[in-house]
Structures are given as C-alpha cells and as structure tokens.
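Asks: Got a structure here, written out as structure tokens. Questions coming.
Where a number appears in this text, it was derived from the coordinates with a stated rule and is not lab data. Owing to the predicted nature of the structure, the values given are computational and were not obtained by experimental measurement. All Cβ positions, even for glycine, are placed from backbone atoms using ideal geometry, and neighbour counts span all protein chains on display.
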Amino acid sequence: MAEGGPQPGAPAPAPPVTRRGVLIGLGVALNVVGAALIGVPVIGYIASALRTRSYQAWIPLGKLAVFPEGQTRLATYTNPFTVPWDGVTANVPCWVRRIGAEKFQVFAINCAHLGCPVRWFPESGLFMCPCHGGVYYEDGSRASGPPPRGLFEYEYEIRGDELWVRGGQLPTLAGPV
Amino acid sequence: MSAPAQPKGRLARVGEWLDFRLKFRESILPPIAHPVPKSSASWWYVFGSATLLCFVVQIVTGMCLALVYVPSASEAWTSLEYLNYVQPFGWFLRSLHSWGSNFMVTLMTIHLVQVYLFGAYKYPRELTWVVGCVLFLCTLGMAFTGQVMRFDQDAYWGLGIGVAMMGRFPVIGESLVHLVLGGPIIGAETLSRFFTLHVFAVPGLLLMLIGVHLWLVIKVGINEWPMPGRLVTRERYSDEYHELVAKEGEPFVPQGVQKDIVFAGIVLVALFACAAVFGPAGPNGQPDPTLIETVPRPDFFFLSLFAVFALLPPYLETPLILTAPVVLVALAFLLPFYSNTGEKSWKRRPGAWILVIVVFLCLGTLTWLGLSSPWSPDMSAWSGTPTPVEYVKGRTPLELQGALVFQAKQCRNCHSLGGEGGMRGPALDDVATVQTRDEIVRQVLQGDGNMPAYGKNLKPQEVTALVAFLTAMHPAGEPAQRSATIPARPGG
C-alpha cells in the first residue's frame with residue numbers, strides 16, 4: 001500500500017511510475033491479451049459457417065432413364081454438406097426438365113422471390129409458387145408475379161448414364177445453388 | 001415483513017438472522033414501497049407488469065418444454081409429437097407456451113401504445129422508452145425464433161423466407177445467409193442456432209434489460225396521469241414531480257400494486273382458458289423439404305409482413321427490405337428526442353391518436369389480408385373445385401370443352417368461378433361484360449402483369465374453346481362486350 005504522491009519540486013508534471021500504476025497497467029494488458037486469446041476462437045467458431053469457398057459439389061441425381069424426354073420431374077438428393085443429425089432436412093428436391101437426349105435444365109425448388117417451394121403443372125407448363133403467386137414458364141424464366149428473376153438453375157453434367165448436378169447450398173439472390 | 005415488537009417468535013428470529021446478512025430491509029424494501037403518484041394506480045398502468053408476468057410464465061413453461069424437446073433437426077419434430085400425445089400435460093405446456101407468447105406480444109403492444117398516448121416517454125424517461133423498444137424487438141425476436149423451435153414445414157419455409165430476404169443485401173448477402181443458417185442449407189446447425197438464440201441469448205438479454213427497465217421506472221419514477229395543459233419542461237419537471245409525489249403519493253406496495261395484482265390474476269385465468277380450449281399450435285407436417293405439397297404461412301404477428309411482400313411492387317421490395325426496418329426502428333428509438341417536452345395528455349395530442357389509429361388500421365388490414373392471402377394461387381382448385389352448374393348448363397359442346405380447358409390448364413388456381421378458386425386474378429363470372437372476345441384472346445395468349453402468357457402452352461383449338469367458354473360468361477340480362485370496330489349483326 002505504498003503511497004505514490006508527486007515528487008516535490010519535480011520540473012515536469014509527468015505521472016510518476018508507481019507499483020500500483022504498473023500493476024493496473026499489467027492487469028489491463030493481461031486481460032486484453034486473455035480476452036483476445038479466448039475471443040478469437042469463439043468468433044471463429046461462430047463464423048465457421050462462412051467459408052471463402054462456396055458450398056459447391058457434384059451430386060448424382062439418378063439414371064438418365066428416370067427422366068423421360070420432354071418432361072419435367074421432381075428429383076431429390078442428399079445435400080453433400082451435412083451432419084448426421086440433419087434428419088430429413090438434408091434431402092433437397094429439384095425439378096429436372098429433360099429437353100433432349102443430352103439436354104437438360106435442372107431448377108432449384110426455391111422461388112426466386114422468397115424461397116418457397118414451386119410446383120410444376122405439366123398441363124399448363126408452368127411452375128407456380130404457393131406463397132406470393134410467382135409463376136415461371138417451363139424453361140424457368142419468370143412468367144408473372146413478384147419474382148425478380150427466373151428460377152435458380154443448377155449446372156449439370158452427364159456422366160455415363162447418370163445425371164449429375166453441381167450444388168450444395170440454399171439458393172438466394174446473393175448466391176447460386 | 002417485520003414482526004411486531006413483541007416477544008419474537010422463531011420465524012421472526014430467523015428473519016432477523018437472514019436480514020442481518022442480506023440487508024433486504026434497507027436495500028429491497030425502499031424500492032418496493034417507494035411512493036408513486038396516486039393517479040398512476042390506474043387500470044391503464046397494469047400492462048407493463050402483465051407483460052412481465054407473461055415472461056415469467058414463458059420462462060417456467062419453456063424450461064419444462066426443454067426437459068423433453070430435442071433441439072436436433074432429426075428429432076425435434078418427433079419430440080414435439082411426443083410432447084403432444086405421450087408426455088403427460090405435454091400438450092398443455094406447449095399450449096401455455098404458445099399462448100403465453102401471444103399474450104406477451106399483445107400485452108406488450110398495449111403497454112407500448114399506452115406509454116405513447118400518455119406521453120410517458122418524454123423527459124426525463126427517454127432511456128426507459130429506448131430500453132422498452134429494445135425489449136419489444138427482443139420479444140418479437142423470441143416469437144420468430146420460437147416459431148422455428150416448432151420445427152415443422154412452416155418453420156422450415158419460414159426460415160427460407162427469412163434468409164431469402166437476407167440474400168438481398170448487397171455484397172454481404174451470401175455470408176449473412178450462411179451465418180444465420182450455420183451452413184449452406186436449412187438443417188441441424190440452423191435449428192441449433194435458433195435454439196441458442198431462443199433459449200440463451202435473447203432471454204439473457206431480456207432479463208438484463210428488464211432489470212434496467214425496472215431500475216429506471218423506480219429511479220426516475222412512474223409517469224403521473226397526464227393532465228391536459230400540464231406541460232413538461234426540462235427546468236421544472238423534476239421538482240413538480242417530486243412535489244406531486246410528496247403531496248399525493250402512496251407506496252407502490254401495497255396501494256399502487258393492487259390493480260396490477262388483480263389484472264395478473266385475470267391474465268393467468270385467461271391464459272389457462274385459451275391454452276386449455278384452443279390447444280397447442282402444430283406442429284404441422286415434418287420439416288422435409290421434399291414434401292413440396294405445402295402452403296407455408298407465418299405465425300400471426302408476421303402475417304402483416306407476409307402481406308406486405310405480396311403486395312409491394314417488385315422493384316420496391318429490395319430497397320424496402322434493406323431500409324424500412326432501420327428507418328422504423330430509428331424513428332421509434334428517437335421518439336423521446338424529437339418529442340422531448342410539452343404536452344403529455346392524449347387529449348391534446350390528436351396527432352398521436354391519428355398515428356396509432358392509422359398504424360393499427362394498416363396492421364389490421366394487412367393481417368386480415370395475410371390470413372386470407374388472396375394473392376396465393378389455390379394450388380388444387382383446378383382439379384378439386386367443381387365448376388358451377390349454371391356455367392355448364394345449356395352450353396355448346398365448344399363452350400363445355402372450354403370449361404374443361406379452364407380447369408385443366410390451372411386457370412382456376414388464380415381465377416374464381418362462383419366464388420370458388422384462386423383470388424390471384426379477377427373472378428371471371430362476368431368477364432364477357434368487361435372484355436371483348438379479342439381482348440380475352442390477347443389476355444390469354446400474351447398475359448400481362450400478374451398473369452403468365454399462355455400462348456406457347458395452349459393449342460389453337462384449346463384457345464378457341466377456352467375463349468368460347470369465357471365469352472359466354474355474362475349474366476342473362478347483360479350482353480357480352482363487343483368490339484366497336486365490328487359492326488353488330490342482327491342476332492349476333
């Protein structure tokens with residue numbers, strides 16, 4: 001408990017170095033370091049969902065024969081980025097339109113407006129959204145209603161007799177499938 | 001609770017022993033018995049404490065639910081079903097929790113409106129108002145995250161809608177989406193994130209801020225009943241308030257709190273009744289995104305938002321999603337700073353009344369629209385809704401063929417006949433009286449606005465039949481529209 005008063009007759013009013021002052025300074029510095037040491041991993045943990053690389057992988061959708069030419073069919077796949085306790089939410093549906101022998105269009109299920117699941121009506125050749133009434137033509141382009149663009153489309157590849165698509169994330173206006 | 005100064009019983013001695021250490025008599029008693037203006041012991045001043053009561057009910061029932069509920073995407077839905085049908089009183093606790101949420105939001109809203117109309121936010125209670133606004137937002141946050149806990153189809157697609165809005169942020173959109181979802185899709189980590197928010201983060205914040213809110217109420221004093229003409233000035237208000245309290249104040253406990261206690265009892269009984277009679281909310285279908293035969297709807301408080309997004313012109317959506325919440329929150333937070341002094345009474349603030357009425361009319365109308373959601377196509381009307389008999393009776397084969405096309409091509413999903421079918425487009429019961437044959441043909445082939453063009457999706461003979469059906473749609477006494485360029489033929 002040393003009393004560190006100002007030195008009498010000192011020319012400059014510089015605060016004197018006292019044991020208490022050093023201790024407080026050391027304490028503050030140590031706490032800042034400690035908080036950073038703990039804080040950085042915590043932030044890294046919470047933000048681990050942010051990856052510089054997008055979530056993209058090639059996924060098999062099934063044999064080509066499942067998709068008859070000139071028709072649009074619902075296909076489902078298991079998302080490649082999952083944990084075992086995802087349950088049924090790991091199953092992702094998409095619409096597969098087979099135009100020709102080797103020519104496809106694969107659409108995300110999510111309406112480009114606010115993400116609701118669009119339904120295909122083969123009779124009228126339209127996709128309709130049950131939420132706000134967005135409608136798309138069979139090629140995925142916007143037909144009417146509030147969507148700001150056409151349906152989100154997957155990149156696809158034919159490998160042997162299988163259809164593969166590139167995807168892995170929920171499509172929004174900010175990021176593709 | 002001190003005993004009379006008589007020979008002390010054992011209980012009193014235990015009390016003394018405790019108070020010697022806890023010092024409640026000098027720390028807790030003064031705020032409990034602090035004097036409040038007599039005029040504030042009014043039925044209008046019970047809504048804050050009732051909101052707090054609901055929060056306590058939510059904590060108790062929430063902890064009980066957490067004993068059984070499994071916050072895992074693969075198990076949550078099953079555990080909700082277990083709560084509803086197997087766990088004794090599980091359905092009732094779920095019901096209490098969801099009705100408790102409705103009660104809390106409702107009472108909090110009434111409290112907010114009362115504080116606004118009574119000018120209670122003015123000097124020197126600005127901070128109480130600001131903290132109250134944060135409490136309001138946190139409570140709405142609890143309502144939304146709670147809807148996610150009920151992990152069913154509505155929760156799944158509700159999350160999808162939430163992140164679709166976030167995806168509209170420029171530059172940071174995609175990162176924001178992944179941060180909220182905890183990964184690339186709605187799944188296990190999403191539910192865990194919302195569970196953490198709903199059970200730890202937001203309630204912790206609420207507890208802390210409720211403490212600050214109550215501290216401010218005690219330290220600054222509860223608002224006196226506003227008298228028309230008694231203006232608030234920064235110079236004199238504090239003195240006037242203390243004078244008022246000294247003159248006609250009474251202790252908060254037991255006088256001031258009487259009506260709060262009665263109302264608390266009423267709230268508890270009403271909550272029990274609603275929970276017992278109406279039962280728990282959902283869950284509806286499993287949160288399986290491959291079950292696409294679903295019509296997602298938000299919970300009650302968010303129906304107005306749902307309506308806004310259906311009715312806004314598309315070009316306004318993104319700018320409004322990005323700016324409106326910030327502007328509205330800023331306007332609410334800053335209210336006591338741009339309206340700091342002056343008249344408090346609602347009797348001399350007609351603008352306040354008008355604002356409250358306009359806001360509630362808007363919210364009410366939007367909620368009502370959200371409930372009926374006329375903009376949503378009726379997805380099964382084309383196959384499941386019968387054609388009214390009078391529209392097929394006595395029609396030509398071509399017109400009957402058109403009636404079939406009308407159903408088979410999903411027109412009915414957006415256009416009603418005889419009041420049944422979608423409301424997205426206009427009802428077509430008398431379309432022939434407003435559009436000529438040519439106009440109908442053009443509308444069918446080219447569409448416009450909210451109607452897709454059917455040109456590529458109808459064969460010529462189908463168009464002919466459909467248009468024949470539609471041009472026959474007019475009341476018996478009112479002729480069909482005819483193009484002015486075609487001279488009327490006798491009998492034609």
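Asks: Among residues other than A:Ser124 whose Cβ falls under 13 Å from its Cβ, what is the net charge (Lys/Arg +1, Asp/Glu -1)?
Replies: Within the 13 Å Cβ shell, the charges total +2.
Asks: Moving to a separate point now. In whole Å, what three semi-axes, largest first, describe the equivalent ellipsoid of region B:381-471 built from its Cα gyration tensor (square root of 5 times each eigenvalue)?
Replies: 17, 15, 13
Asks: On to the next question. Compute the helix-to-body angle for B:126-149: its Cα long axis versus the longest principal axis of chain B, expressed 0 to 90° and rounded to tens.
Replies: Computed tilt is about 50 degrees.
Asks: Longest segment of chain B with no trypsin sites (Lys or Arg not before Pro) in a DSSP loop having at most 11 other Cβ atoms within 10 Å?
Replies: For trypsin sites (Lys or Arg not before Pro) (loop position, at most 11 other Cβ atoms within 10 Å), the longest site-free span of chain B is B:24-233.
Asks: Run the simple label-point estimate for A:Leu37 and B:Ala273 please: 7 Å along Cα→C-beta, distance reported in nm.
Replies: 6.1
Asks: Report the semi-axes of the equivalent ellipsoid for chain A in whole Å, largest first, where each axis is √(5λ) for an eigenvalue λ of the Cα gyration tensor.
Replies: 63, 19, 13
Asks: Obtain the nm distance between the two label points defined at B:Val389 and B:Ile266 by a simple spin-label model: each point lies 7 Å from its Cα along the Cα-to-C-beta direction.
Replies: 5.2
Asks: Could you tally the net charge around A:Val88, taking each other residue with its Cβ under 12 Å from the Cβ of A:Val88, Lys/Arg +1 and Asp/Glu -1?
Replies: Taking every other residue near A:Val88 into account, the sum is -4.
Asks: Go ahead and set up a Gaussian network model of chain A, Cα springs under 10 Å, then flag whichever of A:Thr72, A:Thr18, A:Thr89 fluctuates most.
Replies: A:Thr18
Asks: Something else now. Pull up the cross-link candidates among the lysines for B:Lys347, meaning alpha carbon to alpha carbon under 18 Å and not fewer than 8 places away within one chain.
Replies: Cα-Cα hits under 18 Å: B:Lys122.
Asks: Please list 3J(HN,Hα) in residue order for region B:402-412, calculated via the Karplus relation 6.51 cos²θ - 1.76 cosθ + 1.60 where θ = phi - 60°; whole Hz, with x for glycine and proline.
Replies: Here the 3J(HN,Hα) series is x, 4, 5, 4, 4, 6, 5, 9, 6, 4, 5 Hz.
Asks: With respect to the cross-link table entries B:Lys38/B:Lys259; B:Lys409/B:Lys459; A:Lys103/B:Lys459; B:Lys393/B:Lys456, which display a Cα-Cα separation exceeding 20 Å?
Replies: Checking Cα-Cα distances, A:Lys103/B:Lys459; B:Lys393/B:Lys456 exceed 20 Å.
Asks: For chain B, take the longest principal axis of its alpha carbons; what is the angle in degrees between that and the long axis of helix B:237-248, to the nearest 10 within 0 to 90?
Replies: It is inclined by approximately 70 degrees.
Asks: With chain A treated as a Gaussian network of Cα nodes joined by springs under 10 Å, which of A:Gly150, A:Gly100, A:Gly87 yields the largest mean-square fluctuation?
Replies: Comparing A:Gly150, A:Gly100, A:Gly87 in a Gaussian network model of chain A, the most mobile one is A:Gly87.
Asks: Between the alpha-carbon centers of region B:50-87 and region B:284-351, tell me the distance in whole angstrom.
Replies: Taking the Cα centre of region B:284-351 as reference, the centre of region B:50-87 is 27 Å away.
Asks: Can I ask one more? Sort largest first and round to whole Å: the equivalent ellipsoid semi-axes of the protein assembly as shown, each the square root of five times a Cα gyration tensor eigenvalue.
Replies: 58, 35, 25
Asks: Enumerate the calculated ³J(HN,Hα) couplings along region B:427-442 in order (Karplus 6.51 cos²θ - 1.76 cosθ + 1.60, θ = phi - 60°), each rounded to whole Hz, writing x wherever the residue is Gly or Pro.
Replies: 5, 10, 4, 10, 4, 5, 7, 10, 10, 7, 4, 5, 5, 5, 4, 4
Asks: May I ask for the angle, rounded to the nearest 10°, between helix A:19-46 and the longest principal axis of chain A, with both axes built from Cα atoms and the value confined to 0 to 90°?
Replies: Computed tilt is about 10 degrees.
Asks: Using the 4.7 Å Cβ rule, please list in number order the cysteines from chain A without any candidate partner.
Replies: A:Cys94
Asks: Can you pull the one-decimal nm distance between simple spin-label points at B:Lys8 and B:Thr196, each 7 Å off the Cα toward Cβ?
Replies: Going by the 7 Å Cα→Cβ label model, 5.0 nm.
Asks: Then there's this: Just add up the charged neighbours of B:Pro336: K/R +1, D/E -1, any other residue whose Cβ is under 9 Å from the Cβ of B:Pro336.
Replies: +1
Asks: Which residue fluctuates most in the GNM of chain A (Cα springs below 10 Å): A:Ala36, A:Ala47, A:Ala143?
Replies: Taking springs between Cα atoms under 10 Å, the residue moving most is A:Ala36.
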